[in-house]
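*Asks:* The structure's right below; bear with me while I get my questions together.
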Amino acid sequence: MKIVGLHNIERKPLAVEYRRLYKADAEITAGSATCTTNIEFSLEMSAFGTYEITVRFLDSPDFPVVPAVNLLRETIAEMNRNRELP
């Protein structure tokens with residue numbers, strides 16, 4: 001399983017600064033099949049400066065969810081470090 005990329009990333013406005021909520025299309029390959037699914041994810045900064053990343057699928061995926069969530073968390077954390085998120 002591999003995350004090809006996150007597309008159409010939109011940030012939803014929130015009243016608090018330590019939490020960011022996003023909606024995106026995740027392109028995921030599992031074996032030889034590639035599918036695009038809608039996800040919602042949030043980054044919440046703790047008091048220690050680390051981020052807690054939560055991922056939620058808006059569509060029912062056709063692949064194992066737990067490995068996909070772990071890969072998406074890694075991808076989102078890397079995009080956050082590289083300042084690629086809006």
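*Asks:* Test of understanding: among T75, T29, which residue is surrounded by 10 or more Cβ atoms within 10 Å (Cβ to Cβ) and at pLDDT below 95?
*Replies:* T29
*Asks:* Another one. Does region 57-86 hold any residues that are among the charged types (D, E, K, R) and closer than 16 Å to N8 by Cβ, and which are they?
*Replies:* Matches in region 57-86: D59, E84.
*Asks:* Please verify whether S42 is of a type in the set (S, T, N, Q), exposed (fewer than 11 other Cβ atoms within 10 Å of the Cβ) and out of contact with any Pro (no Cβ under 6 Å at 6 or more places or on another chain), treating the condition exactly as stated.
*Replies:* Spelling it out, it is not the case that S42 is of a type in the set (S, T, N, Q), exposed (fewer than 11 other Cβ atoms within 10 Å of the Cβ) and out of contact with any Pro (no Cβ under 6 Å at 6 or more places or on another chain).
*Asks:* Considering each of A24, A68 in turn, give the residue that is over 17 Å from L85 (Cα atoms), modelled with pLDDT of 90 or more and not basic (K, R).
*Replies:* Just a single option satisfies the conditions, and that option is A68.
*Asks:* Would you mind finding the one in L58, L43, L21, L71 that is of a type in the set (A, V, I, L, M), touching a strand residue (DSSP E or B) at 6+ places or on another chain (Cβ under 6 Å) and within 16 Å of G5 (Cβ to Cβ)?
*Replies:* Only one candidate passes the filter, namely L71.
*Asks:* I'd like to verify a number: residues in region 32-77 that are over 12 Å from the mean Cα position of the chain (by Cα) and either free of Cβ contacts under 8 Å to residues at least 24 places away in the same chain or assigned to a strand (DSSP E or B) (or both), how many?
*Replies:* Going through region 32-77 one residue at a time, the tally reaches 17.
*Asks:* Restricting the search to region 1-57, which residues are out of contact with any Ser or Thr (no Cβ under 9 Å at 6 or more places or on another chain), within 16 Å of A77 (Cβ to Cβ) and among the small types (G, A, S)?
*Replies:* If the condition is that a residue be out of contact with any Ser or Thr (no Cβ under 9 Å at 6 or more places or on another chain), within 16 Å of A77 (Cβ to Cβ) and among the small types (G, A, S), then A24, S46, G49 are the ones that fit.
*Asks:* Follow-up question, since we're still on this one. List the residue pairs whose Cβ atoms are under 7 Å apart, where the first residue sits in region 1-16 and is among the basic types (K, R), the second is exposed (fewer than 11 other Cβ atoms within 10 Å of the Cβ), and the two are 6 or more positions apart or on different chains.
*Replies:* R11/P86
The values are calculated or read from the model by the stated rules, or taken from the named source; none is laboratory data. Fair warning: this is a prediction, and the values are worked out from it, not measured in the lab. A quick note on method: Cβ atoms are made from the backbone with ideal geometry, for glycine too, and the neighbour counts reach across all protein chains shown.
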